[in-house]
Amino acid sequence: MKKYRIAVIPGDGIGPEVIRESVRVLNQAAETDGGFEFSFDWFPWGCGYYLKTGEMMPADGIKILSDYDAILLGAVGDPAVPDHISLRELLLRIRHDFDEYINLRPVKLLRGASCPLAGVRPEEIDMLFVRENSEGEYSGQGAWLYKDSPQEVVIQDSVFSRKGTERVIRYAYELAKKEKKTLTSISKGNALNYSMVFWDRIFEEVGRDYPEVETRSLLVDAAAMFMVRDPKRFQIVVTSNLFGDILTDLGAAIAGGMGLAAGANLNPERKFPSMFEPIHGSAPDIAGTETANPLAAVWSAAQLLHFLGYPQWEARILQAIGKLLVSREHLTPDQGGTAGTRECTDALLAYLR
Ligand code: NAD
Ligand code: IPM
Ligand code: MN
């Protein structure tokens with residue numbers, strides 16, 4: 001029997017409401033399978049913790065987490081704490097310090113999920129975003145000069161290293177090769193004359209090792225337009241940290257909404273734990289109502305199972321989500337239903353049985 005130790009950070013707002021449900025799904029998968037089991041340790045870190053202690057997590061938080069096989073995170077963010085503090089000191093800190101440089105975000109329209117695009121069949125929206133997750137526009141480097149004076153100037157630097165750019169692009173090529181899919185790189189070399197010209201060049205360079213992969217290169221503005229007008233153009237997609245952030249919310253919008261959008265922050269070398277979290281935030285507008293859709297968090301937990309070596313369980317969970325959506329019953333309000341978070345998961349667990 002394989003045993004996995006999982007660190008759970010429920011976080012803020014709807015985070016605890018949805019993460020609780022993804023833990024139930026993981027436990028049921030383990031029980032049914034019989035070949036593996038989980039132990040969960042819960043960490044009450046986040047904005048509530050910050051308001052009590054002045055820190056988003058304890059000083060040795062990263063060290064504590066480094067002992068785990070993986071991390072499940074709900075969401076971080078509360079109107080009472082500035083976002084640049086809460087997110088940079090917890091979520092972005094973990095992604096960075098554990099070198100989780102791959103952010104894998106499926107944009108896949110399941111049958112039964114709502115899609116605002118007219119005349120699009122589910123199989124026409126089936127992308128996998130490989131978002132750079134460790135540097136780029138999120139480097140956190142810059143300066144605030146002459147603060148609060150009329151001369152004030154801010155500089156926010158993007159950092160694109162050869163190592164950082166090559167490794168994410170190579171990862172995407174490997175994926176495209178393995179899955180026999182096209183690879184689209186999204187950048188913005190016409191305006192960002194250093195970072196994105198560099199990105200395009202590395203995309204081309206690494207591509208020489210993958211002559212079998214059919215590639216496309218798009219400017220980010222055109223890519224946003226095509227995701228809406230002609231989403232079937234995209235299969236595997238690789239892009240920078242910020243562009244990936246924005247485009248995967250757009251992806252969520254065309255593939256069932258934030259309540260169905262999953263993400264995995266991977267350290268592919270497994271030197272550090274990887275972290276699995278829905279891509280939505282703490283949704284303060286619905287927090288506490290127990291109506292958040294748990295399926296994005298559950299889908300992220302399915303990605304965790306894949307990463308631990310059980311892709312068959314990821315497939316089974318996705319199939320169960322698919323059945324639930326097609327049934328049109330026990331769905332949360334974002335999917336047009338009236339069910340609560342728990343009822344929705346209960347129904348999912350029944351399909352999974
Ligand atoms: P959000 O994703 O929290 O919410 C956007 C909209 O989507 C809201 O109307 C919300 O109700 C809806 N929504 C999100 N998840 C849902 C779910 N599971 N079921 C049903 N509806 C859902 O984005 P926001 O409002 O821009 O951000 C709120 C806070 O979360 C901010 O503090 C932000 O910085 C933070 N945030 C955190 C993460 C994270 O921890 N990974 C991600 C994004 C935003
Ligand atoms: C996401 C979120 C984060 C990001 C924020 C909360 C820092 O929007 O995971 O998509 O921008 O990466
Ligand atoms: Mn985002």
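None of the figures in this text is laboratory data; all of them are computed from the coordinates on show. Since the model is a prediction, treat every value here as computed from it, not as a measurement. Cβ: placed from backbone, ideal geometry, glycine included. Neighbour counts: every protein chain shown.
The table below gives the values:
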quantity	calculated
Separation in nanometres of the label points that stand 7 Å from Cα toward Cβ, at Asp230 and Ile246	2.2 nm
Mean residue ellipticity (222 nm) of the chain, computed from DSSP H runs ≥ 4 via -39,500 (n - 2.57), nearest 500	-12000 deg cm²/dmol
Residue order, fewest to most surrounding Cβ atoms within 10 angstrom, among Lys2, Lys178	Lys178, Lys2
About the Cα centre, charge dipole magnitude for the chain (Lys/Arg +1, Asp/Glu -1 at Cβ), debye	940 debye
Kirkwood hydrodynamic radius over Cα pairs of the range 243-301, then Stokes diffusion coefficient at 10 °C and 1.306 mPa s, in µm²/s	128 µm²/s
GNM top mover of Arg20, Arg201, Arg342 - the chain, alpha-carbon springs below 10 Å	Arg201
Spin-label zone in the range 3-30 - amide nitrogen under 18 Å from a point set 7 Å from the Cα of Gln312 along the C-beta vector	3, 26-30
Simple label model, 7 Å out from Cα along Cβ direction - Ala118 to Gln319, nm	3.7 nm
The range 115-255, relative contact order [Cα under 8 Å, separation at least 6], %	37 percent
Cα-based shape type of the range 20-100, given that a ≥ b ≥ c are square roots of the gyration tensor eigenvalues and the cut on a/c is 1.5	prolate
The chain, relative contact order [Cα under 8 Å, separation at least 6], %	22 percent
Approximate spin-label separation Thr32-Val153, in nm, with each point projected 7 Å along Cα-to-Cβ	6.0 nm
Anisotropy class of the chain from Cα gyration tensor, a/c 1.5 cut	rounded
Set of lysines with alpha-carbon distance to Lys271 below 30 Å, sequence-local pairs under 8 removed	Lys2, Lys3, Lys63, Lys108, Lys163, Lys177, Lys178, Lys180, Lys181
Cα centroid of the range 240-314 to Cα centroid of the range 1-67, whole Å	15 Å
